[in-house]
Amino acid sequence: MKDMLSFATLKRMLLLGSGAGAVALVATPAAAQSLETQYIFNTLSFLMHGFLVMWMAAGFAMLEAGLVRSKNTTAQCLKNIVLYSIAGIMFYLVGYQMLYGGASAYFGGFSIWGAGDVPDAASLEGGEYSAGSDWFFQMVFVAATASIVSGAVAERTKLWAFFLFVVILTALIYPIQGSWSWGGGWLSEMGFSDFAGSTIVHSVGGWAALAGCLVIGARKGKYGADGKVTPLPGANLPLSTLGVFILWMGWFGFNGGSQLAMGTMQDVTDIGTIYINTNLAAAGGVVAATILVTVLYKKIDLTLALNGALGGLVAITAEPLAPSPLLAIFIGAVGGVIVVVTVPLLDKLKVDDVVGAIPVHLFAGIWGTLVVPLSNDGASFGPQIVGIVAVGAFTFVFSLVVWLIIKAIMGVRIDEETEMAGLDKSDCGLEAYPEFGTGSQRM
Amino acid sequence: MKDMLSFATLKRMLLLGSGAGAVALVATPAAAQSLETQYIFNTLSFLMHGFLVMWMAAGFAMLEAGLVRSKNTTAQCLKNIVLYSIAGIMFYLVGYQMLYGGASAYFGGFSIWGAGDVPDAASLEGGEYSAGSDWFFQMVFVAATASIVSGAVAERTKLWAFFLFVVILTALIYPIQGSWSWGGGWLSEMGFSDFAGSTIVHSVGGWAALAGCLVIGARKGKYGADGKVTPLPGANLPLSTLGVFILWMGWFGFNGGSQLAMGTMQDVTDIGTIYINTNLAAAGGVVAATILVTVLYKKIDLTLALNGALGGLVAITAEPLAPSPLLAIFIGAVGGVIVVVTVPLLDKLKVDDVVGAIPVHLFAGIWGTLVVPLSNDGASFGPQIVGIVAVGAFTFVFSLVVWLIIKAIMGVRIDEETEMAGLDKSDCGLEAYPEFGTGSQRM
Amino acid sequence: MKDMLSFATLKRMLLLGSGAGAVALVATPAAAQSLETQYIFNTLSFLMHGFLVMWMAAGFAMLEAGLVRSKNTTAQCLKNIVLYSIAGIMFYLVGYQMLYGGASAYFGGFSIWGAGDVPDAASLEGGEYSAGSDWFFQMVFVAATASIVSGAVAERTKLWAFFLFVVILTALIYPIQGSWSWGGGWLSEMGFSDFAGSTIVHSVGGWAALAGCLVIGARKGKYGADGKVTPLPGANLPLSTLGVFILWMGWFGFNGGSQLAMGTMQDVTDIGTIYINTNLAAAGGVVAATILVTVLYKKIDLTLALNGALGGLVAITAEPLAPSPLLAIFIGAVGGVIVVVTVPLLDKLKVDDVVGAIPVHLFAGIWGTLVVPLSNDGASFGPQIVGIVAVGAFTFVFSLVVWLIIKAIMGVRIDEETEMAGLDKSDCGLEAYPEFGTGSQRM
């Protein structure tokens, strides 16, 4: 590292404060940042953080592809690439304007999104960014919501029924509830605070997934008549591990980009804080889940460690900026504990969530949203609870109705024979791993 | 998201125009962007978008590793990491100067590339960037071209024959034709327009692959004497899915970085538009391919959905900036359709393209290049057709000659015994999946 | 690419110098970069390059998951996500201040890291960045060190023993030796030069791994009584290939971010040079390893090509800025050769390094550190050798003591029965690939 001595000196000055008083330079006019430069930095933040969030689509795909059985792996990959595509198109045609375009407190409007022109540099007032870069960033968020559902209802849902649900989710359900808060609607006026979407993105995905699981029912063989729960282990755990690392990386974009600006010293410094808290919350989730699982089961279940990371990430998402690093570790650790505790709980209720999406995204999302007031003085518990309940009730009921309508029209569940043989051969015509033989645990 | 109300207000102002007139601040001198800042943004764009395009090397590797049979998977991985390495070294030693260094309209010159010095800030006139960052960005492009060939000729080509071809492709074939357009040669003077390389990169890879497939011949067992086509399914489809997500992500760098600048409001806004169109074209390719495949075959072939995404991406690459989002969806959708239609066509012609590289990169690349004039007023159909034909004829003939010379010198094809046993054991000494047993479909 | 003619013209001007004299514009005041803009660019460099280095955690995980046998794959994935989490938390609680916070020449201090406030724009003097962004960047480095150890001691180490070692490594061992150089301690005062950590990061990981391998011993069945070495091939080579591509991509962050600044023309241009040299060194490593392996063994071992890339990357890390591209290729090529030559050497010494971490990170790291004076005038061989030896002796002895203490307290090695059955079933309760059957080579 070039120029190490002055680097160390500088660091000491910055960190220990010993040199701060020594800075004697008078600020020149050039110390001020131009508004055009601000615009570029703000836009760049949406673009860079946006491609990181887009990358999360791959993370969900790998996580889920590894956690399903090999006979349904092709279908799971297919669902993930198609849902990401549908999400983009529907958010363009309907969703974005339904989220942000409205004058109403309860929903936006119906119109196709169109980018504004590039503003004139002379008319800038600070804080602007290209409308298209923002669209791109918001689009990848709605795709994440759809990915959450995909994992929970895996292995027994009809492909086209799922795609139809994604159309409604990304065009209407997500945008309408989002308009209440991020769109400037009634929840934001009440003071509900959800920085990057513990509730608005993650719990919405979780509620929609829960509705889907209830309508579609559990996989054959999962829950015996005697209450016995049969594990149906995923076929490729390194793939799921990769998926979690991808999601972890993408989360820097998810939370960091939600600062919505990078064009001032304060904004870019805040993004740094967000990266730290996001990373430490995930780390806290992993460590807490790993320790708890060891205590409870004397073994370390990899899938719970992975979901512990995600639980920590979801939990910090509602407020990744205000907490101290220590509080971020704590919030994430509790997120990880929630996952470990609630995964068996869902099995007791015979809700068959294949990848643990509901514990991770719904339960840890509620936790994260609830504790925002611990560090953010602008938030208070009342509006947080109202937001959690209102978004949950709306999303769950709307999703339930949509799943039921789809069930009435075309059915949501593959027939028993297809389920035994797997979706891959019957609906995709291709096996995911045609050469890898039949292991002892296949069922 | 911090400060939501003002965020929503700002968004309404930007999107609905209702507040634009309210901006009353007089532009201060600080509204102007410094030329040094421009230089840094432009350079950063090459670096950031460059590492995204570099990442596409991993995408091609995973796509191909998943689509070959397990007995050739190690060799396919090896080919991809070696070709990326060769491409970098050859582009440094020969290619870059052959592409950009020439005074001639038909080729550059022979010299080793050397970076310019850092310009003096006082001498900047706007639009500059570091020459090294541009080299890096252009280098990863040539690697993409070589990756395209690697997939098409998989499973029966001699490793060193392939490497030798890559040497010529990256030192001469790609750079010479590139000098005609991006190097400022005769095609660019005629008005040929190919923003990020539907023709210059993708169809060049496709033509080189086609020449290779013809010289090398089809895999044993693929085409029966009776005209029957035997599918030889890939061994690991989630890996191919990952590869496509990687390529999709990398394409933001491929197309976004081809703006060649990020240092003005216009440039960064344009990059945002490019991201949107790139994403929607891919989405259009996936949805169109998925629907068409369902209609044609009553099943949804994952590999066609994946290649549909790539077809959409290749199609939009010739002009990702000018189209409206709706046109981008259309261009991409047709790209996806082309892939679905031409994959069986190649099989009828007994051209054995293992991963579908020719439909994706050549056919969709021609389509994308052809339709540039639909949205770009500066382009017209004549020069587009001349460019497509000239680049195609040059690349195909040159590649054919090179493949034939290699065939004469050392042979291009492994012997039959090696082909039956697979390249991995005989040429690499390592199986890709030594423990995964022998599935029923292995052949 | 927009505006191709002027692009080519500009390139010729930059590259050939023919147009440099033509630049007649007088520098306006706006040519100067504002200090706030500098601060944002510098911080952005840490953030962007930091998420690339974070991504390397996934690279190590995939590399190692593919190189172990399937019966230990779940455990290897688990170790990687847990070690990354521990590293972040320990570096927060202890490590960062131990590295950078000290007044002593030999170690930092014990205190919890706290970010400085955002500086006042008026007090900037140039070169500053947010303290949090720097913390984030340094944190991902320490995680890389721990990942190196994880691969070497795979398949026979107790999970909790490994985790305990990671706690000490990331809290004390890495930070203390780092304080000698990057922390401004005695090595930096002597003139030791290690730009991004060939010694400080990579050889430290290698020494700690070597100590672990000696204490823990070889895997059962690896070394016969008759001196015969039995290969225990990895279960999933495409995964390892992916891992190397991830590491390669992440290395642009590792080396590029180590410029520690991006806010001037010189800095961003230097980062471009670093990207080029990093890429070409890796390419040199691949090509050299591939040719040498072909000559030696008549086959191309994929794992040696992959480790050749890593050897090249490690070698260039000590000085990625000063070398010419040609020298970078040479340094990387020797790094690749070192790997090919020393992998069998370790086997002769019966040091069982599962993934080749010691050849790659220790031996190539020494080479890279040694040759810094070839290109960097500020470095000389004396201090380089002192640094290599001092860091090596400290790390090896400290690590040896820690491994021995852990062995005394809880044991470092799983029992023989568990080793035969694999860590996954006994300690994780989950198989990595439950359905993939039992191949012929499983042992």
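The values are calculated or read from the model by the stated rules, or taken from the named source; none is laboratory data. All values reported here derive from a predicted model rather than from experimental measurement. When we count neighbours, we look across all protein chains shown, and the Cβ atoms used for this are built from the backbone with ideal geometry, even at glycine. The area values use the complete protein model at the heavy-atom level, side chains included, leaving out ligands, DNA and RNA. Shrake-Rupley method; radii C 1.70, N 1.55, O 1.52, S 1.80 Å.
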Out of (1) at pLDDT 95 or above; (2) in a helix (DSSP H, G or I), the odd one out for B:LYS425 is which?
-> (1)
Residue set A:LEU321, A:LEU313; condition more than 9 Å from chain C (Cβ to nearest Cβ) and outside any helix (DSSP H, G or I); output residue A:LEU321
Please indicate, with yes or no, whether at least one residue in segment B:417-439 is within 14 Å of chain C (Cβ to nearest Cβ), in contact (Cβ under 8 Å) with a residue 12 or more places away in the chain and at positive phi.
-> yes
Taking B:ILE89 and the conditions (1) open to solvent by 10 Å² or more (accessible area, probe 1.4 Å); (2) in contact (Cβ under 8 Å) with a residue 40 or more places away in the chain, which numbered condition does it fall short on, given that it satisfies the others?
-> (2)
Would you please name the residue that is farthest from the other protein chains (Cβ to nearest Cβ), looking only at residues in segment B:277-303 that are over 15 Å from A:PHE163 (Cβ atoms) and surrounded by fewer than 24 Cβ atoms within 10 Å (Cβ to Cβ)?
-> B:LEU296
Taking the condition surrounded by 15 or more Cβ atoms within 10 Å (Cβ to Cβ), touching an Asp or Glu at 6+ places or on another chain (Cβ under 9 Å) and closer than 23 Å to A:GLU155 by Cα, does A:LYS425 pass?
-> yes
If you go through segment C:232-274 one residue at a time, how many are among the aliphatic types (A, V, I, L, M) and assigned to a helix (DSSP H, G or I)?
-> 11
Any residue at all in segment B:328-343 that is surrounded by fewer than 24 Cβ atoms within 10 Å (Cβ to Cβ), touching a helix residue (DSSP H, G or I) at 6+ places or on another chain (Cβ under 8 Å) and assigned to a loop (DSSP other than H, G, I, E, B)?
-> no
Would you say B:TYR129 is under 22 Å from the mean Cα position of the chain (by Cα) and among the aromatic types (Phe, Trp, Tyr)?
-> no
Looking at C:LEU83, C:LEU124, C:LEU159, which one is within 27 Å of C:LEU67 (Cβ to Cβ) and facing chain A (nearest Cβ under 8 Å)?
-> C:LEU159
Could you say which residue among B:TYR275, B:TYR297 is more than 24 Å from the chain's Cα centre (by Cα) and among the aromatic types (Phe, Trp, Tyr)?
-> B:TYR297
Any residue at all in segment C:400-420 that is of a type in the set (Lys, Arg) and touching a strand residue (DSSP E or B) at 6+ places or on another chain (Cβ under 9 Å)?
-> yes
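With the requirement that a residue be more than 24 Å from B:PHE110 (Cβ to Cβ) and under 18 Å from the mean Cα position of the chain (by Cα), what does segment B:155-193 give you?
Listed by number, the list holds a single entry, B:SER193.
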(1) within 14 Å of another protein chain (Cβ to nearest Cβ); (2) buried (at least 24 other Cβ atoms within 10 Å of the Cβ) all hold for A:ALA209 apart from (1)
Those residues that are of a type outside the set (D, E, K, R) and open to solvent by 10 Å² or more (accessible area, probe 1.4 Å), I need them from segment C:35-56; list them, please.
-> C:LEU35, C:GLN38
Which helices (runs of 4 or more DSSP H) does segment B:1-91 wholly contain that include 3 or more residues that are modelled with pLDDT under 50?
-> B:4-16
Only one of B:GLY387, B:GLY411, B:GLY382 is touching a Ser or Thr at 6+ places or on another chain (Cβ under 7 Å) and modelled with pLDDT of 95 or more; which?
-> B:GLY387
So which residues in segment B:178-200 are more than 11 Å from every other protein chain (Cβ to nearest Cβ) and farther than 18 Å from B:LEU370 by Cα?
-> B:TRP186
Residue that is out of contact with any Lys or Arg (no Cβ under 7 Å at 6 or more places or on another chain) and on the phi > 0 side of the Ramachandran plot, where the choices are C:GLY221, C:GLY257, C:GLY183 = C:GLY221
Identify all residues within segment A:92-111 that are open to solvent by 10 Å² or more (accessible area, probe 1.4 Å), more than 7 Å from chain B (Cβ to nearest Cβ) and modelled with pLDDT of 90 or more; write none if there are none.
-> A:LEU93, A:VAL94, A:GLN97
